[in-house]
């Protein structure tokens, strides 16, 4: 079985969880007879090919930089012909796309379908359904995920003074007007406050509604050209159904942890006066909520014995990172550590008491929770979709309001002053899903859609022969 695994970028570049998990999964799939090649975009005029972790990686050029909207890539990006020529040569059985961006979006999926490959799309982020890309209504509360031009426009900054009727009319404005307004808005973002504020109020209603509708249309086009759409959580599954994705196209296939995490064990025995050891893993991004942890710990009285270690990985927002660094000066209970390698992570995790995950967005399936549970660490997590599917409140962790600093501080106090609570939560951790389990489910999915494709081809041939008799 030959597969193409498509992403918007790939290792050894600095990448996020999507690429890291894929690089770990593909060798496991190989053991089940699945041969894979990676197709990954790169910001370049040229193509190149190399081997990474035993897998062939083809980097197709994207030049010039495609516009960000519509998110899924309404038109093929520059130099798309390189990707097209390469994909035609592969003769693969299955095309599996793991991202939904202008660099790896609808044109790529459509081409694979036209070439006769069985097609799969994995949705690993909320961006295909959410213009804010967080699934948090007004940035404050969990959203149902229903794409609606009026609700989504107001959520993303269209002033409430703009009527529903006006928004619905702006949806049908010529795309050239939307694009022009969007470009002007981008250019004026760094202008002085009065100009920036005025431009935002004037141009956002012109540019945004049509892009929201395009996002919904892109999702439906995805459903048209994908044989299966893989989701990682029950909540996202329901959201896709709500937006019109046919149920027969949807399947849940949850990620699992590599074997390297299963061998880690907790050998640290906590003494009565030892500080509560809290660890954070994740990108430097405001949606990850590092500032919530910092504010919570800074608010605690000095008598609370606690230490927070921040292992920030990729830097999405350097300004945010610097703000955190400045805010913890003079706070000895918080430190920033060097980024861990995947090999180091299991043994280092096992030295902590609890993982803190203050997600400020819909984190579809945060692997750090599974990795923590593998090391017998309970988790303090935000009570939002994805996170609350992996944590059982008061059983293997605690669920807290995402942005409530006081609630996070109280949880730290409780863990510090109730020594039996940590032990109880640790004992509540159940066996976790492994990457081998994920690989078996993935192989079975591939077999099912290939069998369906063969059956469809036989039916088409039979119909054609009947018509020609």
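The values are calculated or read from the model by the stated rules, or taken from the named source; none is laboratory data. A quick note: this is a predicted structure, and the numbers were derived from the prediction, not measured. In this analysis, Cβ positions are derived from the backbone assuming ideal geometry, glycine residues included, and neighbour counts consider all displayed protein chains.
Criterion applied to 431, 401 was being loosely packed, with under 12 Cβ neighbours inside 10 Å and under 29 Å from residue 233 (Cα atoms), and the one residue passing it is 431. Somewhere in the range 429-450, is a residue over 29 Å from the mean Cα position of the chain (by Cα) and in a loop (DSSP other than H, G, I, E, B)? Looking through the range 429-450, none of the residues is over 29 Å from the mean Cα position of the chain (by Cα) and in a loop (DSSP other than H, G, I, E, B). Checked against (1) assigned to a loop (DSSP other than H, G, I, E, B); (2) within 19 Å of the chain's Cα centre (by Cα), residue 6 passes all but condition (1). Please go through the range 171-187 and pick out each residue that is in a helix (DSSP H, G or I) and in contact with a helix residue (DSSP H, G or I) (Cβ under 6 Å, 6 or more places away or on another chain). 178, 181, 182, 184, 185 - these are the residues of the range 171-187 that are in a helix (DSSP H, G or I) and in contact with a helix residue (DSSP H, G or I) (Cβ under 6 Å, 6 or more places away or on another chain). Please determine whether any residue of the range 91-99 is surrounded by fewer than 18 Cβ atoms within 10 Å (Cβ to Cβ), in a loop (DSSP other than H, G, I, E, B), out of contact with any helix residue (DSSP H, G or I) (no Cβ under 7 Å at 6 or more places or on another chain) and in contact (Cβ under 8 Å) with a residue 40 or more places away in the chain. The answer is yes; a qualifying residue exists. Every test in (1) under 22 Å from the mean Cα position of the chain (by Cα); (2) over 24 Å from residue 126 (Cα atoms); (3) buried (at least 17 other Cβ atoms within 10 Å of the Cβ); (4) without any contact (Cβ under 8 Å) to a residue 60 or more places away in the chain is passed by residue 339 save one, and that test is (3). I want to confirm something. Restricting to the range 153-170 and keeping residues that are in a helix (DSSP H, G or I) and closer than 23 Å to residue 127 by Cβ, which single residue is modelled with the lowest pLDDT? By that ranking, first place goes to 170.
Checking the structure you have, find out if any residue of the range 403-424 is under 28 Å from residue 248 (Cα atoms), free of Cβ contacts under 8 Å to residues at least 60 places away in the same chain and in a loop (DSSP other than H, G, I, E, B). No, every residue in the range 403-424 fails to be under 28 Å from residue 248 (Cα atoms), free of Cβ contacts under 8 Å to residues at least 60 places away in the same chain and in a loop (DSSP other than H, G, I, E, B). Taking first residues from the range 280-305 that are not assigned by TED's automatic domain parsing to the domain that holds residue 400 and partners that are part of a loop (DSSP other than H, G, I, E, B), no Cβ contact under 7 Å between residues at least 6 apart in sequence or on separate chains turns up.
For residue 260, the test of being part of a strand (DSSP E or B) and touching a residue at least 60 places away in the same chain (Cβ under 8 Å) is failed. The lone criterion from (1) out of contact with any helix residue (DSSP H, G or I) (no Cβ under 7 Å at 6 or more places or on another chain); (2) surrounded by 19 or more Cβ atoms within 10 Å (Cβ to Cβ); (3) within 19 Å of residue 110 (Cβ to Cβ) left unmet by residue 85 is number (2). Residue check: residue 386 meets all listed conditions (1) at positive phi; (2) touching a helix residue (DSSP H, G or I) at 6+ places or on another chain (Cβ under 8 Å); (3) surrounded by fewer than 18 Cβ atoms within 10 Å (Cβ to Cβ) but one, namely (3). Of the residues making up the range 43-57, none is in contact with a helix residue (DSSP H, G or I) (Cβ under 8 Å, 6 or more places away or on another chain) and more than 20 Å from residue 12 (Cβ to Cβ).
Table: residues versus (1) within 25 Å of residue 398 (Cα to Cα); (2) not in a strand (DSSP E or B).
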position	(1), (2)
319	no, yes
322	no, yes
325	no, yes
329	no, yes
335	yes, no
338	no, yes
341	no, yes
347	yes, yes
352	yes, yes
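Does any residue of the range 59-72 turn out to be assigned to a strand (DSSP E or B), without any contact (Cβ under 8 Å) to a residue 60 or more places away in the chain and crowded, with 20+ Cβ neighbours inside 10 Å? Within the range 59-72 (the criterion being assigned to a strand (DSSP E or B), without any contact (Cβ under 8 Å) to a residue 60 or more places away in the chain and crowded, with 20+ Cβ neighbours inside 10 Å), the answer is yes, since at least one residue qualifies. Tell me which residues, restricted to the range 376-402, are under 22 Å from the mean Cα position of the chain (by Cα), in contact (Cβ under 8 Å) with a residue 60 or more places away in the chain and assigned to a loop (DSSP other than H, G, I, E, B). Residues satisfying the conditions are 384, 385, 386, 389, 402. Of 229, 310, all but one fail to be outside the structural domain of residue 25 (by TED's automatic domain parsing), surrounded by 13 or more Cβ atoms within 10 Å (Cβ to Cβ) and not in a helix (DSSP H, G or I); the exception is 310. Can you find a residue that is at positive phi and assigned to a loop (DSSP other than H, G, I, E, B) anywhere in the range 362-375? No; the residues of the range 362-375 include none that is at positive phi and assigned to a loop (DSSP other than H, G, I, E, B).
Only one entry in 76, 126, 107 is out of contact with any strand residue (DSSP E or B) (no Cβ under 8 Å at 6 or more places or on another chain) and farther than 15 Å from residue 219 by Cα, namely 76.
A single member of 246, 209, 194 is in contact (Cβ under 8 Å) with a residue 12 or more places away in the chain and more than 30 Å from residue 96 (Cβ to Cβ), and it is 209.
The condition of being buried (at least 16 other Cβ atoms within 10 Å of the Cβ) and at pLDDT below 80 holds for only one of 240, 208, 185, 203, that being 185.
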